[in-house]
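S.K.: Take this structure, written in structure tokens, and hold onto it; I'll ask about it next.
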Amino acid sequence: MAALTALALICAAPSRAQIAASASIVSNDIYRGISLSDGQPALTVNLAWDDRSGAYAGIGATGEVPAGYGPRLLGHTEYAGFARRAGVRATWDVGVSHAEIVAYYDRPYRYSETEVYAGVRARDLSLYIYWSPHYYRPGVHALYLDLSASRRLAPRLRLFGHVGLLSPSGGPGDADARRAQVDLRAGVAAEFTGGELDLTASAARPGEDYLGGSTRMRNALTLGASFFF
């Protein structure tokens, strides 16, 4: 969910107490390679707090207004953690996040999961590992590895990329839905006063949806706009 993006934003902020809000509009809400909005536009709003001690927390909610339906919630995320500089260039980070997701198939299906995470960021590169005891299904344990990078081409223009590896295990259900999955993302972002625009290409393999066991747009090209307050 786009709400998780707030994690990177708040950890990158200066070390002083502050509260920040943001809103993001995307043509397709992609989370770890899966379209949560089933190819429809979505809106995410975030509220984040961080303290000069390194502590931070935040909450975000995502919704959509699909054709033929009224507004509906896609999910919400809460997180809290602690970040501290390690030397001049690196920052380590630990925390916990909780997500509630609503997936719309023949009827709404509700999923929830809690993760603990740890990671390190060094300039334009970050590496995080997440662990969940119940990854959207009872008894399904999961490790998720997130490697992300960015490269500034100009003062207001940057390239970014990401590769993620999900390794679930245990729990009932179809074994194919618990196979290791890889998701890829790459794009370009252009900053403007108070926000940024981005164009992102994403893909994931294999083709099974770890939420519902069906394919939900494993390859996508999305447009997004974020506004920071």
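S.K.: Just one of the numbered conditions (1) open to solvent by 20 Å² or more (accessible area, probe 1.4 Å); (2) within 16 Å of the chain's Cα centre (by Cα); (3) under 25 Å from Asn219 (Cβ atoms) is not true of Ala61; which one?
M.R.: (3)
S.K.: Filtering the stretch 89-147 down to residues that are open to solvent by less than 30 Å² (accessible area, probe 1.4 Å), in a strand (DSSP E or B) and in contact with a Pro (Cβ under 8 Å, 6 or more places away or on another chain), which residue is nearest to Val163 (Cα to Cα)?
M.R.: Here the residue is Ala142.
Here is a yes/no grid of residues against (1) in contact with a His (Cβ under 7 Å, 6 or more places away or on another chain); (2) crowded, with 18+ Cβ neighbours inside 10 Å; (3) at pLDDT below 90:
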position	(1), (2), (3)
Thr5	no, no, yes
Pro14	no, no, yes
Ile34	no, yes, yes
Ser37	no, yes, yes
Gln40	no, yes, yes
Thr44	no, yes, no
Ala48	no, yes, no
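S.K.: Kindly list, by first and then second residue, each pair from a residue in the stretch 124-143 that is within 19 Å of Gly81 (Cβ to Cβ) to a residue that is of a type in the set (Phe, Trp, Tyr) and open to solvent by 50 Å² or more (accessible area, probe 1.4 Å), limited to pairs with Cβ atoms under 6 Å and residues at least 6 apart or on different chains.
M.R.: Leu143/Trp131
S.K.: If Glu100 satisfies every condition in (1) at pLDDT 95 or above; (2) under 15 Å from the mean Cα position of the chain (by Cα) but one, which is the exception?
M.R.: The single condition Glu100 does not satisfy is (1).
S.K.: Moving on to the next point. Is there a residue being at pLDDT 85 or above, open to solvent by less than 40 Å² (accessible area, probe 1.4 Å) and not in a helix (DSSP H, G or I) anywhere in the stretch 169-179?
M.R.: no
S.K.: Give Gly187, Gly161, Gly224 a once-over and let me know the one that is part of a strand (DSSP E or B), under 23 Å from Leu73 (Cβ atoms) and at pLDDT 85 or above.
M.R.: Gly224
S.K.: Count, please, the residues in the stretch 46-79 that happen to be farther than 22 Å from Thr114 by Cα and not polar (S, T, N, Q).
M.R.: 11
S.K.: Of all residues in the stretch 64-88 being touching a Leu at 6+ places or on another chain (Cβ under 9 Å) and surrounded by 15 or more Cβ atoms within 10 Å (Cβ to Cβ), which is nearest to Leu36 (Cα to Cα)?
M.R.: In this case the residue turns out to be Leu74.
S.K.: Quick check, is Ser53 in contact (Cβ under 8 Å) with a residue 60 or more places away in the chain and among the small types (Gly, Ala, Ser)? Can you show your working first?
M.R.: On the way: in contact (Cβ under 8 Å) with a residue 60 or more places away in the chain: no; among the small types (Gly, Ala, Ser): yes.
The answer is no for Ser53.
The values are calculated or read from the model by the stated rules, or taken from the named source; none is laboratory data. Keep in mind it's a predicted model, so treat the numbers as computed, not measured. Glycine also receives a Cβ, built like all others from the backbone with ideal geometry; neighbour counts cover every protein chain displayed. Ligands, DNA and RNA are excluded from the accessible area calculation, which covers all protein heavy atoms including side chains. Shrake-Rupley method; radii C 1.70, N 1.55, O 1.52, S 1.80 Å.
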